[in-house]
Structure formats: C-alpha cells, structure tokens
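One structure is given below, encoded as structure tokens.
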Amino acid sequence: MSVVRIAVSGFGAIGLQVAKLLLARQDSLKHRYEKTLLISGVCGSKGGVVEPEGLSLEQLDKKNFVAGLTGMSFIQKVEADILIEAGPSNIQTGQPGFDYGMAALDKNMHLVFASKGALVCHYASLIQTANNNQKQIKLSAATASAMPTIDFVERCLAGATIKKIEAILTGTSNLILTDMLQSGSDYKTALHKAQQLGIADPDPSFDVEGWDTASKLVIMAARLFNTPLDIQLLAKDSLTDINKEQVMGWQQQGLQPRLIASIDFTTPQPSYLVKLKLYDKHDAFYAVNGATKAIWVDTEEMGCFYLTGGTSNPLATAAAVVKDIEQLLMDKLL
Ligand SMILES: NC(=O)C1=CN([C@@H]2O[C@H](COP(=O)(O)OP(=O)(O)OC[C@H]3O[C@@H](n4cnc5c(N)ncnc54)[C@H](O)[C@@H]3O)[C@@H](O)[C@H]2O)C=CC1
Ligand SMILES: N[C@@H](CC=O)C(=O)O
C-alpha cells in the first residue's frame with residue numbers, strides 16, 4: 001500500500017487539530033483510499049520535528065521539537081507529498097506562508113492552505129508555479145473553513161454564470177454583531193467569547209476591522225473569477241465604526257447588521273466590497289447567528305442558492321483541511 005506524507009508549517013491550534021484528526025482517521029482513510037497517510041513533519045516558529053516513517057501524537061509534542069528546524073531548513077529536510085500551511089495570516093507581506101508554499105512546490109508538494117496571507121498577496125505567483133509543477137492548491141480552510149465557498153461555486157455551480165454573491169465569511173465578526181444586538185453584550189465581552197472559542201485571529205483587529213472577510217473575498221475573486229484585487233484598495237466597513245446609538249436604532253427597527261463580502265456582476269463594473277448590511281426578519285441572513293456563516297449565490301441559469309453553517313472553530317477548520325486532502329485522493333492526484 002502506498003504512503004502519503006503530510007507536513008505542517010505553523011503548528012498552533014489548527015495545525016495540532018489537523019494532526020489529531022488525520023491520526024485518528026488513519027485506518028478509515030486507508031480503507032477508503034488504499035493509502036496510508038502519515039504526518040512526516042511539523043514546524044513552529046522556533047523549531048520542528050521530522051520523521052519520514054510518520055509521527056505519533058506523542059512525538060508531535062513541542063518538547064520533541066529540534067530548535068532551528070523551521071522555515072527553509074524544515075522544508076529542505078521534510079519528506080512530504082502535501083504541505084499544510086497553518087502559520088499566521090500576514091496580509092501585508094504574505095509571509096511566512098508564501099516562502100513555505102513556494103519552497104514546498106519546488107519540492108513537488110501539493111499545498112493546502114489554512115492561512116490567508118500568501119494567497120491574498122501572491123495568489124498569481126503561487127498558482128502559476130503550482131500549474132507549472134502540476135500540483136494543486138487547496139484553500140477551503142482559508143475561505144471560511146467548514147462552510148463551502150470555493151467548492152460550492154467551483155464544483156457544485158460549475159456550468160452556471162454567477163450574477164451575485166453575498167456571504168458572511170467571518171465567525172468572529174458575526175458573533176460580536178449578534179451578541180451586541182441580541183444579548184446587549186459590549187464589544188469587548190463579545191470579542192473575548194470569540195477568543196475563548198479559538199476562532200478569533202491572533203490579532204483580533206484582523207476580524208473586527210473586516211480584514212478577515214476582505215482576505216477571503218480577495219482569495220475568492222482570484223480563484224473563482226481570475227480577478228486580482230489589492231486588499232488595501234478594497235472598500236471595507238469595520239465593526240469599530242459602530243456606535244451605541246446605531247445599535248439601539250437597529251434594535252428598535254428589528255434589523256440585524258451583518259458584515260458581508262459582496263461580489264456583483266450585474267453592475268456596469270463588477271464590484272467587490274466588504275460592507276455592513278442591515279437585514280430584516282424576511283431575509284435569510286437575519287437568522288445567521290453567532291459564529292455561523294452563510295453564502296447566497298444568484299446565477300443566470302440555475303437560480304439562487306443559499307447555504308449556511310460552518311461555524312468557525314479549530315475542529316471545523318481542521319475538518320475542512322482534511323476534506324481538501326480527501327479531494328486530492330478522490331481526484332487520484334496522490
Ligand atoms: N482558528 C481558526 O478557527 C481558523 C484559523 N485560520 C487561519 O489558520 C492559521 C492558523 O490559525 P491558528 O492555528 O488558530 O493560529 P495559532 O496562532 O494558534 O497558530 C499559528 C502558529 O504558527 C506559528 N508560527 C509563527 N510564525 C511561524 C513561522 N515563521 N514558521 C512556522 N510557524 C510559525 C506560531 O508559533 C503558531 O503556533 C491562521 O493563519 C488563521 O488565520 C483559518 C481558518 C479558521
Ligand atoms: N477568524 C476567523 C477564523 C479564520 O478564518 C473567523 O472568525 O471566522
């Protein structure tokens with residue numbers, strides 16, 4: 001039986017959860033795809049551990065990490081067919097994910113991204129290199145994790161012409177908005193709850209200022225519509241602009257605010273925005289509460305679709321990473 005080796009760069013909440021899921025499902029994956037999936041190496045910011053025969057959960061403990069086995073030393077040393085990139089999302093530079101991704105492609109690995117920075121800043125270079133090397137870039141976890149966005153449009157709606165998309169893509173901002181409106185929580189308490197759930201990004205301003213939603217929108221535009229967007233130039237609302245009087249007004253009018261990514265091809269120029277939009281009880285997005293997400297797509301030929309679910313959390317995100325790996329197996333690319 002052949003072996004599929006998997007490496008992880010960025011071994012925090014998501015990286016660890018992915019390793020746990022893959023190891024727990026080793027037997028069922030072997031049965032389904034006739035492949036043995038191994039974790040052949042992981043690294044954090046200061047060190048890592050590699051073992052071509054596969055690492056157990058105990059061996060993945062940070063106490064076993066070799067200092068300095070990170071960055072390019074890690075990629076040079078690790079033997080793998082897939083790199084899962086789960087380091088920080090830096091949308092200014094795309095690092096460290098971009099260097100990890102390019103080096104892994106050079107070593108003939110497929111890429112599965114949970115982090116967003118490299119995709120936001122350098123999608124074109126990454127996909128060109130991947131195409132040249134006949135490798136895949138999978139990015140479900142970077143585009144709303146458990147809620148299918150890319151798969152939904154790319155696979156389920158292949159054959160349709162997309163007219164409009166509206167989507168709630170960030171669990172943290174949705175949780176803060178619903179807690180403020182429905183439970184009267186203040187902004188800090190609601191954010192703390194998202195942090196406790198492990199869904200807020202390490203820098204919470206990434207979520208509350210709309211950068212997380214904007215990042216996912218930029219990646220979707222690049223992947224689904226071949227449209228490169230500069231995230232810094234995108235029109236974007238922020239939760240920090242909301243004041244108490246606005247909240248009271250919305251409560252009195254029975255409206256729910258949602259931070260949405262919007263793509264519209266029905267306007268004279270295609271528009272891509274991140275905006276705070278108000279919904280009343282007749283709208284589907286009105287009832288999308290807490291860390292839950294949703295996507296609404298209008299097409300020319302197939303009509304409208306609405307999908308909700310995919311609560312943000314590390315387990316759901318790790319399952320989305322495993323889905324991407326399983327798709328590589330189903331498509332016989334491994
Ligand atoms: N937590 C969630 O629910 C989701 C997170 N993501 C994304 O996944 C990524 C990981 O998220 P978490 O695991 O929650 O964050 P985390 O902060 O728990 O983990 C990130 C890890 O990367 C490590 N790291 C930093 N610099 C590094 C370097 N140069 N080389 C190797 N490792 C380095 C850190 O030490 C840390 O352990 C982030 O980019 C986040 O935006 C995506 C979807 C959902
Ligand atoms: N911070 C994000 C999780 C990662 O994409 C969220 O709150 O949904």
- prompt: Hey, got the dipole for segment 150-309? About the Cα centre, +1 on K and R Cβ, -1 on D and E Cβ, debye to the nearest 20?
  reply: 180
task: Using θ = phi - 60° and the Karplus relation 6.51 cos²θ - 1.76 cosθ + 1.60, list the HN-Hα couplings for segment 274-284 in order, rounded to whole Hz, with x at every Gly or Pro.
output: 10, 9, 8, 10, 9, 10, 9, 5, 7, 8, 4
message: Could you give each residue of segment 131-148 its phi-based ³J(HN,Hα) in whole Hz, using Karplus coefficients 6.51, -1.76, 1.60 with θ = phi - 60°, and x for Gly or Pro?
response: 4, 4, 8, 6, 10, 9, 10, 9, 8, 4, 5, 7, 10, 5, 6, 6, 7, x
statement: DSSP beta bridges in segment 190-334: the antiparallel percent, rounded to 5, is 90
field: Theoretical ellipticity at 222 nm over the chain - DSSP helices of four or more residues, -39500 (n - 2.57) apiece, nearest 500
entry: -10500 deg cm²/dmol
task: Can you send over the carbon and sulfur percentage of the accessible area for the chain, probe radius 1.4 Å, protein chains only?
output: 50
- request: Please state the charge dipole magnitude for segment 246-334, taken about the Cα centre, from unit charges on C-beta atoms (+1 on K and R, -1 on D and E), reported in debye and rounded to the nearest 20.
  value: 380
statement: Sorted by chain and then number, the residues having a modelled amide H within less than 5 Å of the amide H of Asn289, at least 5 places away or on another chain, are none
field: Sorted peptide list for 278-289, 29-40, criterion being average Cβ within 10 angstrom, highest first
entry: 29-40, 278-289
query: Rounded if a/c is under 1.5, else prolate if a/b beats b/c, else oblate: with a ≥ b ≥ c from the C-alpha gyration tensor eigenvalues square-rooted, which is segment 285-334?
result: oblate
query: Hey, what angle do you get for helix 13-24 against the long axis of the chain, alpha-carbon based, 0 to 90 degrees rounded to 10?
result: 60
Accessible surface, the chain, averaged per residue in Å² (probe 1.4 Å): 44
statement: Answer in debye to the nearest 20: the dipole magnitude of the chain about its Cα centre, from +1 Lys/Arg and -1 Asp/Glu charges placed on Cβ, is 420
- request: Tally the DSSP beta bridges in the chain and give the antiparallel ones as a percent, rounded to 5.
  value: 60
statement: If unit charges are put on Cβ atoms (+1 for Lys and Arg, -1 for Asp and Glu) and the dipole of the chain is taken about its Cα centre, the option from Leu229, Gln195, Leu21 lying farthest towards the positive end turns out to be Leu21
message: Between Lys62 and Lys35, what's the calculated FRET efficiency when r is the beta-carbon distance and R0 is 30 Å? Round to 0.05.
response: 0.60
task: With a/c under 1.5 counting as rounded, go ahead and sort segment 31-124 into rounded, prolate or oblate using the C-alpha gyration tensor (a ≥ b ≥ c being the square roots of the eigenvalues; past the cut-off, prolate if a/b is larger than b/c, else oblate).
output: oblate
- prompt: Rg (Å, one decimal) plus Dmax (Å, integer) for the alpha carbons of the chain?
  reply: 20.1, 64
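The values are calculated or read from the model by the stated rules, or taken from the named source; none is laboratory data. Computed from a predicted model, the values in this text were never measured in an experiment. As a convention, Cβ positions derive from the backbone with ideal geometry for all residues, glycine included, and neighbour counts pool all protein chains shown. Just the protein is used for accessible areas: all its heavy atoms, side chains included, with ligands, DNA and RNA removed. Shrake-Rupley method; radii C 1.70, N 1.55, O 1.52, S 1.80 Å.
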